[in-house]
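Everything on this sheet refers to the single structure shown next.
The values are calculated or read from the model by the stated rules, or taken from the named source; none is laboratory data. Note that the structure is predicted; figures quoted are calculated from it, not measured. Note: ideal-geometry Cβ built from the backbone for every residue, glycine included; neighbour counts use all protein chains shown. Heavy atoms of the whole protein, side chains included, go into the accessibility calculation; ligands, DNA and RNA do not. Shrake-Rupley method; radii C 1.70, N 1.55, O 1.52, S 1.80 Å.
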Amino acid sequence: MLRRRPRLRALLRHFATSPCRRSSGLPSQPHVPGPNALPPPPVAKKVPFTVSAHGRSWSDPYHWMRDTSDPELTALLAAENAYADAFVGSAGDGGLRARLAAEMRARLPLSAATPPQPWGPWLYYQYVPEGMEYPVLSRKLRPSGGLAGALLDYLSGSEKEQVLLDWNEVAEKNGYVHIGSCRISPDHRLLAYTVDASGGELFSLEVKDLRSNHVIFSSSDKGIVSLAWAHNSEDLFYTVSDETLRPNQVFCKKLQSDEAEFLVFTEKDVYVMESDNVRKGLWPVRKRAEKVQYFLEHHNGFFYILTNAPLKDTETPTEGYYLARSRAEKSLVDNWQVVAFPGSHCAIQDMDIFHDNLVLFLRKNGINGFCSIDMPTDGDFQVPKELGDLNPWYFPIPSNSCNIVPGSNNDFMSSTYRLVVSSPVIPDLTVDYDMKKKTFTILDQEEVTNISASLDTGGLQSNISSIQKNLHLVENLQSWSDLSNLYACERLEVISHDGVSVPLLILYSREARCHGESPGILYGYGSYGEDLDKSWCSERLSLLARGWVLAFADVRGGGDASWHLAGTKASKINSIQDFAACGMHLIKEGFVHKSRLCAIGCSAGGLLVGAVINMVPDLFSAAVLKVPFLDICNTMLDPTLPLTVLDYEEFGDPNIPAEFEAIYSYSPYDNLSPGVCYPPVLVTASFNDTRVGVWEAAKWVAKVRDVTCRSCSRSVILKTNMQSGHFGKGGRFMHCEETAFEYAFLMKALGMDDTAMT
């Protein structure tokens, strides 16, 4: 367990006895409104409440905010919203937020569409109608002229379009929309989808008959998570979550019949079922085991299994996944053979299976990638192989900084696999990879308008020689557009507190960046093994054009299995130290001025940033904490809250004294330092959030204002969306407004709110 607190408290005491550093002569002073410009920030009431655990007791006077039905909480959040709007609204003589939002909206095309994807007799695609917030799912009959002819027909509008689902209509009806799962039946007659109409992620199920366009079934259950059709296109399976939001039951409904849905099973172990004979019952595959995961796919009489199950003569799970298989026979399903291990410095993260190919999602040397293996696999695999022995074809991608997301890829018989590829300097590319011919086709690239310089053009051929020698290029040169002539994207490694190298991606304008003087933002997450999102985002151009440097820290807790494990439970402090080290590196190497470094963290990333602010209060000059997990100690002590028990694996079980002490040592809410100057912080929350309660943000803001420097804490503001959940409203124009609010806050906090684009 890390014991850094005594030294840090001494550091904080030094700041507490010094003059308020936020009013010192910094190159860019925070632009806090004068006393006549804004009223005082809201003051939350205190109600005595004591928390006790493992012989330790502490006061939590803002515990009352846990009751979201309390009208005093609603009134407080309304007052905080008014204060936040006034604070940010005064930036740039009152017009900065609107200018930023207008810039962002101007870069979005009026309408947008995905290339059609063939499946059976249809071409499926999505598009966002002109001026609308949300997409529409549609289809057209597939012509006989091949994909090229299909694209021409699609662009010319010569085929009649059938609208399957319009997100905008659902949003207009409910005031909010989040479509979860969306599944077409195998015979293409029915559409099943889940809808969240409040933001609380309690999804309901609807099934639409695509011939009549009428909803023929609506489930009374809430909390539906995933959907799967049986082979007969009549039986629909769906999972339902329990009170902790953990999917634990599977139901089956026979559509277009009066039969009631029936409970298939409640999850304890791992089971499979024949999709063309659902009444035959379930087969057990393996007994459930702690920390062991299984992902099964059926192919040609075998189950292919991605797992970390212990190998023979061992009792502990493997560090990452390997590929195994078994006969798809009830008596043999427990008899597994290891097909392949990933090999050194490589991890298998997921898989997708088709008639002729197995697609593996990989992470090699910290870089994401994909490969395909011809199916069926040969041999009896008495001796396990490595992935390279299966003659994989590695999909070529433009650069090692890419974010890669699979398309829908619904057609089991297809030998084409679709990916959406992007990077901080490459707008989204839609690429089809022909796994039979080992070629690729670039179908589309996201349109970005109102960019001052022309886009640079490159070709995939520049990277393929080092990827795969037997790659056969398509006849015509495949190319894409990027902005690398305007913006630099550098991958560095930063040495953390214990000598471990932490990947850091840095993005900046080649023209506008000013060495040693630039403002900057450090992004972080570092939990659940999730990668930090580094995909293309046109909204960032508003900052880059003003000389900002944007950096993405892949701290421990994210990434592959070993990197994830190194940032969990008692090792969570590694994530926090990694993030602090990356921030210090940006300053030391002149990427960002020491008084102009900001931080942004979302959800568990908010915990990361909040903990670093407590440890090193003068590192960041401003921060944005979005739906942040700040009150971790109190939340983890309450097993009645959704996700708490599931989070024991990530953050530790507070019922165990040592793990409780580790959590308490970095909890952002419990480690605020009295009298210390904290940076300006924008904290956002959502009232219907079931993942991170709205009270976590409200409690943290109230306590910061109460115990830290009173002058500085006037620049700590809370903005709550009263209609949405953890992921916000999601519309493309609404997202511009939210991002403009955050950027305007940061510019104001640094005293740079009058800075125009270069």
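Taking the stated definitions as given, is A328 among the small types (G, A, S) and either within 33 Å of the chain's Cα centre (by Cα) or in the same structural domain as L643 (by the TED database) (or both)? So A328 does not fit the description; no. Let me confirm something: among D187, D209, D196, which residue is closer than 23 Å to Q249 by Cα and of a type in the set (D, E)? After applying the criteria, what remains is D196.
If you check K748, K703, K719 for being in contact with a helix residue (DSSP H, G or I) (Cβ under 8 Å, 6 or more places away or on another chain), open to solvent by 20 Å² or more (accessible area, probe 1.4 Å) and either assigned to a helix (DSSP H, G or I) or not hydroxyl-bearing (S, T, Y) (or both), only one passes: K719.
Just one of the numbered conditions (1) more than 24 Å from A230 (Cα to Cα); (2) open to solvent by 40 Å² or more (accessible area, probe 1.4 Å); (3) of a type outside the set (S, T, Y) is not true of R211: (1). Here the strands (runs of 3 or more DSSP E) wholly within region 202-314 that include at least 2 residues being at pLDDT 85 or above and outside the structural domain of A347 (by the TED database) are 204-209, 214-218, 224-229, 235-241, 247-254, 262-266. Scanning region 362-397 for residues that are closer than 14 Å to D432 by Cα, touching a strand residue (DSSP E or B) at 6+ places or on another chain (Cβ under 6 Å) and assigned to a loop (DSSP other than H, G, I, E, B) turns up F395, I397. Of everything in region 105-128 that is open to solvent by 30 Å² or more (accessible area, probe 1.4 Å) and outside any strand (DSSP E or B), the residue that is nearest to G407 (Cα to Cα) is T114.
As a summary of the residue check, T690 satisfies the conditions (1) out of contact with any helix residue (DSSP H, G or I) (no Cβ under 8 Å at 6 or more places or on another chain); (2) part of a helix (DSSP H, G or I); (3) surrounded by fewer than 20 Cβ atoms within 10 Å (Cβ to Cβ) except for the one numbered (2).
Number of residues in region 362-376 that are open to solvent by 20 Å² or more (accessible area, probe 1.4 Å) and more than 19 Å from the chain's Cα centre (by Cα): the value is 4. Within region 546-570, the set of residues being assigned to a loop (DSSP other than H, G, I, E, B), more than 19 Å from S603 (Cβ to Cβ) and either open to solvent by 10 Å² or more (accessible area, probe 1.4 Å) or not small (G, A, S) (or both) comprises R546, W548, D560, A566. Out of curiosity, is L641 of a type outside the set (F, W, Y), in a loop (DSSP other than H, G, I, E, B), modelled with pLDDT under 95 and touching a helix residue (DSSP H, G or I) at 6+ places or on another chain (Cβ under 9 Å)? Answer is yes for this residue.
Of all the residues in region 82-94, those that are open to solvent by 20 Å² or more (accessible area, probe 1.4 Å) and out of contact with any Pro (no Cβ under 9 Å at 6 or more places or on another chain) number 4.
To keep it simple, each residue is scored yes or no on (1) within 21 Å of the chain's Cα centre (by Cα); (2) among the charged types (D, E, K, R); (3) crowded, with 21+ Cβ neighbours inside 10 Å.
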residue	(1), (2), (3)
V592	no, no, yes
Y648	yes, no, no
A658	no, no, no
D670	no, yes, no
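Residue under question is E696, and the condition is that it be among the charged types (D, E, K, R), modelled with pLDDT of 95 or more and surrounded by fewer than 22 Cβ atoms within 10 Å (Cβ to Cβ); does it hold? Considered against the rule, which asks whether it is among the charged types (D, E, K, R), modelled with pLDDT of 95 or more and surrounded by fewer than 22 Cβ atoms within 10 Å (Cβ to Cβ), E696 comes out as no.
Every listed requirement among (1) open to solvent by 30 Å² or more (accessible area, probe 1.4 Å); (2) over 30 Å from M747 (Cβ atoms) is met by A102 save one, (2).
Selection of region 295-315 for residues being within 15 Å of F381 (Cα to Cα) and open to solvent by less than 40 Å² (accessible area, probe 1.4 Å) yields F302, F303, Y304, I305.
Scanning region 507-545 for residues that are of a type in the set (K, R), closer than 29 Å to K572 by Cβ and assigned to a loop (DSSP other than H, G, I, E, B) yields a single hit, K534. Candidates N450, N409: the one that is on the phi > 0 side of the Ramachandran plot and at pLDDT 90 or above is N409.
Selection over region 596-618 of residues that are in a loop (DSSP other than H, G, I, E, B) and open to solvent by less than 10 Å² (accessible area, probe 1.4 Å) gives a count of 1.
In region 483-522, of all residues being among the β-branched types (V, I, T) and surrounded by fewer than 18 Cβ atoms within 10 Å (Cβ to Cβ), the one that is farthest from I587 (Cα to Cα) corresponds to V500.
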